[in-house]
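To keep things clear, I will list the structure first and then write my remarks on it.
The values are calculated or read from the model by the stated rules, or taken from the named source; none is laboratory data. These numbers come from a predicted model, not from an experiment. Cβ placement follows ideal geometry from the backbone for every residue including glycine, while neighbour counts extend to all protein chains displayed.
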Amino acid sequence: MAHAAPASRTLGASKLVVPVFGGIVYGLWAAAIGRDAGPITGWNVLLGVASAIAFAVAHVGIHALAPRLPRELHALAWAAFAGIAFGFLYSLTDATVLKSAGLACVVAAGVFAVVFYRYYTTED
């Protein structure tokens, strides 16, 4: 009698690839915006590294916490993450606080609509 091997439930590298790669891209993007076509300085590198770590840690945290929430709060968590991430990058371009916050809210609203629709239609 043949038996199937049990499915592995370990936190493998596939669960960390997206946050780490996303954090690296986010950090490089933040450092490039902060550099403003000038020379690379230690502050640019520090901004990039800190942004990358913050993005990756927040992504992993939301990915671990959000599935336990009801679908409305689950979608709201991802929308807030996307809005804050976009708003921070946009604020580095020397835009006004009002414009950065307004565009971040627009991005968050769009992400909320898409993610809520996904969770609503795929609910068990």
Practice task
Please specify each residue of the range 87-102 satisfying the condition of being under 16 Å from residue 44 (Cβ atoms) and surrounded by fewer than 13 Cβ atoms within 10 Å (Cβ to Cβ).
Solution key: 93, 94
Problem - Flag for residue 47 being surrounded by 15 or more Cβ atoms within 10 Å (Cβ to Cβ) and assigned by TED's automatic domain parsing to the domain that holds residue 123 - result: no
Handout entry: One residue from 63, 74 being assigned to a helix (DSSP H, G or I) and either within 13 Å of the chain's Cα centre (by Cα) or loosely packed, with under 13 Cβ neighbours inside 10 Å (or both)
Key = 63
Exercise for the section: For the range 24-41, indicate whether the set of residues that are buried (at least 16 other Cβ atoms within 10 Å of the Cβ), among the aromatic types (Phe, Trp, Tyr), part of a helix (DSSP H, G or I) and modelled with pLDDT under 95 is non-empty. Expected result: yes
Practice task
Search the range 46-60 for residues that are at pLDDT below 95 and of a type outside the set (D, E, K, R) and pair each with any residue that is surrounded by 17 or more Cβ atoms within 10 Å (Cβ to Cβ) and not in a helix (DSSP H, G or I) when their beta-carbon atoms are under 9 Å apart and the residues are at least 6 apart or on different chains.
Solution key: 47/92
Handout entry: Count of the range 77-124 residues which are over 20 Å from residue 62 (Cβ atoms) and assigned to a loop (DSSP other than H, G, I, E, B)
Key = 6
